[in-house]
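Below: the structure, in structure tokens.
The values are calculated or read from the model by the stated rules, or taken from the named source; none is laboratory data. What you are looking at is a predicted structure, and each value in this text was computed from that prediction instead of being measured. No Cβ is skipped: glycine too gets one built from the backbone with ideal geometry, and neighbour counts run over all protein chains shown. Ligands, DNA and RNA are excluded from the accessible area calculation, which covers all protein heavy atoms including side chains. Shrake-Rupley method; radii C 1.70, N 1.55, O 1.52, S 1.80 Å.
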Amino acid sequence: MSSANPAGTSLRWLWLSAVVVLLDLGSKAYMTATLQYAESQPVLPFFNLTLLHNTGAAFSFLAGSGGWQRWFFIMLAVVVSTVLVVWLARIPRSERWLPVSLALVLGGALGNVYDRIVHGYVVDFLHLYWGSYHFPAFNIADTAISIGAVMMAIDIFRRPQGDTGEKKA
């Protein structure tokens, strides 16, 4: 089958991206409605729910940069999402691991870009810590992106050298 035929590609995994987006946006809406900004609600001895707004990237990188970063991260997410969909379309239907990882990253990117477009920041609420060490707050989209990225890294090491997972012409 050619890559122009979606039935023969890994585009069927887009449902997973949609699930990530729905879980992410639903959880963000719920947390925004039920938590007070910046007040921690203990859940476990190492885990709080803490509503925060991140105008930067991962770990609040560029958060205080005057606003230009919002549009930069929106454009970056749109470009990355487009590349991921094209990549998914080129992966044979028989593949599982790589398309799942790409679908997770795509869903996470779309969940966070929605926040940037609508709110101007990303809603974070999952807060892990150990003693006095606090990991930056994150969300479901960030979790999906991280899991997908780790899966992609694992995929690199388990594939034969030079194999990208794409269909051969």
Scanning region 86-97 for residues that are part of a helix (DSSP H, G or I) and either of a type in the set (S, T, N, Q) or under 11 Å from THR9 (Cα atoms) (or both), which turns out least open to solvent (accessible area, probe 1.4 Å)? LEU88
Test: residue in region 108-118 that is under 17 Å from VAL150 (Cα atoms) and surrounded by 14 or more Cβ atoms within 10 Å (Cβ to Cβ): yes
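For every residue, the table says whether it meets (1) closer than 30 Å to ARG158 by Cα; (2) at pLDDT below 95; (3) of a type outside the set (Gly, Ala, Ser); (4) touching a Cys at 6+ places or on another chain (Cβ under 9 Å).
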| residue | (1), (2), (3), (4) |
| --- | --- |
| SER27 | no, no, no, no |
| ASN54 | no, yes, yes, no |
| PHE59 | yes, yes, yes, no |
| PHE73 | no, yes, yes, no |
| ALA89 | yes, no, no, no |
| TYR121 | no, yes, yes, no |
Please count how many residues of region 16-46 are in contact (Cβ under 8 Å) with a residue 24 or more places away in the chain and either open to solvent by 80 Å² or more (accessible area, probe 1.4 Å) or under 30 Å from VAL85 (Cβ atoms) (or both). 14
Output the qualifying pairs, or none if there are none: Cβ atoms under 8 angstrom, residues six or more apart or on different chains, first residue in region 123-136 and free of Cβ contacts under 8 Å to residues at least 12 places away in the same chain, second residue surrounded by fewer than 20 Cβ atoms within 10 Å (Cβ to Cβ). HIS134/LEU128; PHE135/LEU128; PHE135/TYR129
Does ILE117 count as under 23 Å from ALA77 (Cα atoms), over 15 Å from the mean Cα position of the chain (by Cα) and either modelled with pLDDT of 95 or more or assigned to a helix (DSSP H, G or I) (or both)? yes
